[in-house]
Amino acid sequence: MRLSISILFFTLLGTLAHAQPWTYQDLLKEAEKNNYQIKQENLMLEKAMADLRASKAGRLPDLGASVYGAVNNGRALNPITYQYVTQSFLYETTVLQSQWKVFEGGKQGQQIKRDKAQLEQQGLNLENQKQAIAQELFYQMLKVYELKEKEALLQRKVDLLKQQLDKAQLLVDNGRATASTVYELGIEIDRLDNQKEELAFYRELAELQLKSISGIPLDSPLMLAVPAQQSLDTVGQSITSLEQIVETSISFRQAGISVNIAEYNKRMVAGGGMPSVSLIGGIGSAYSSFLKGGTVDSPPFGEQFENNLYTNVAVSVYVPLFTRFQQRTTMQKARLEIQYKEQVRNQRQTEMMAMLSSQNSQILHSASRYQSLSHAVEGYSKVLKELEQRFASGRVDVFQLLFKQQQLLDLEQQLIDLKYANLKASKTIELVKTGSIDF
């Protein structure tokens, strides 16, 4: 019972904590805190840090201890009685040893460089995931705003048609119009209402997608802040320096780091075929004690351990002799890996150039199309007002009125489409260029 009350309390607290409408930046912060994909990338970043620390630690000397003990049983000739006796004695060795790899073909240095590059790449992976979340949030938010604006447009048209329906009823009552006029207006109202309900359904789907991406509970209400109108009506400027944007983008930098990682792997393979040199030093003690059948009394444990202490210092040189075929094959694989990564980088550059060029063309097209459609809407609105006045006096057929109203509605919906398409294209380029969206 207490647990249920606590859950309810914190749920209400979270709701009250964000009583204000959600802005884009609010949703983005919530997504960075709750999104599972971002959490996974953070874990991979921590793993890359641990790998780098481990590779750096490989340059330090190691220190190890070993203890070996054995009991040997067997027959031996007694040098005094010249008789075979069964003997049993304990043999034990204790060693404390350190080894330091001084040179191993540069493998350790290349591994550290590779792990540094992988850490940098993982950091870019995290930023790339955040950008993907930011982009998807922005797109879904634009979709909600666009559908809301179209719903409001249809509602205004429905309200206007209802006013015209009342006027048409008066004309019918006065014998200046037929009943079909009222019937046609009623059909058009029902059609627009159905369109409005369909838009509301798709808007709810987009809002659910926003909740899912940002980690907001799906059953909680989502009230979005009204964006500044100038941010929606501004016609974006085209971008000319697309090559510079591509070269500084996260996706292209990731591809470049992958090439560097493949190069470090190749150098590590090359270093594996070179001699390695290690310094070895240690201290130890070996002793034995008769358990039975001995002919000489064994000194006590402590005396044997102290008397049998020894130290050793050595230089170990390892030269691989029979690994040439494997070495050559592994090097060939490493070279192919580098070529593959370079092709991926070039492909990424081409794809991003195509995407940005497409968005740039969309901005240029939207700019000119938006202006022309705005003038067309103004012209159609004036014509429609004259038709409405003539319809109220019974001088215009209802079909002519509905036809012009549908033409104006189509133009206004196209204007909304262009406005949001332009904003989407310009903000996509902004995201690639700066790594964030100002909205």
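The values are calculated or read from the model by the stated rules, or taken from the named source; none is laboratory data. What you are looking at is a predicted structure, and each value in this text was computed from that prediction instead of being measured. For neighbour counting, all protein chains shown are included, and Cβ atoms are generated from backbone atoms with ideal geometry for every residue, glycine included.
The residues listed here are E46, E146; of these, the one that is in a helix (DSSP H, G or I), surrounded by fewer than 16 Cβ atoms within 10 Å (Cβ to Cβ), modelled with pLDDT of 90 or more and of a type in the set (D, E) is E46. Please determine whether any residue of segment 105-114 is in contact with a strand residue (DSSP E or B) (Cβ under 7 Å, 6 or more places away or on another chain) and outside any helix (DSSP H, G or I). Scanning segment 105-114, I find at least one residue that is in contact with a strand residue (DSSP E or B) (Cβ under 7 Å, 6 or more places away or on another chain) and outside any helix (DSSP H, G or I), so the answer is yes.
Remark: pairs (first residue in segment 414-429, in a helix (DSSP H, G or I); second residue among the hydroxyl-bearing types (S, T, Y); Cβ separation under 6 Å; 6+ apart in sequence or on different chains) = L418/S366; L418/Y370; A421/S366; N422/S366.
From the list R53, R75, the lone residue that is loosely packed, with under 14 Cβ neighbours inside 10 Å and within 27 Å of V277 (Cβ to Cβ) is R53. Pairs are defined by a Cβ separation below 7 Å, a sequence spacing of at least 6 or placement on different chains, a first member in segment 342-358 that is touching a residue at least 24 places away in the same chain (Cβ under 8 Å) and in the same structural domain as T248 (by TED's automatic domain parsing), and a second member that is assigned to a helix (DSSP H, G or I) and polar (S, T, N, Q); the pairs so defined are V344/S258; R348/S251; M352/S251. Inside segment 347-368, residues that are under 9 Å from V246 (Cβ atoms) and of a type in the set (D, E, K, R) make up a count of 1.
Among the numbered conditions (1) over 30 Å from E136 (Cα atoms); (2) of a type in the set (G, A, S); (3) modelled with pLDDT of 85 or more, the only one that G64 does not meet is (3).
Would you say K419 is surrounded by 17 or more Cβ atoms within 10 Å (Cβ to Cβ), out of contact with any Cys (no Cβ under 8 Å at 6 or more places or on another chain), more than 25 Å from S374 (Cα to Cα) and not aromatic (F, W, Y)? Judged against the criteria, K419 is not a match.
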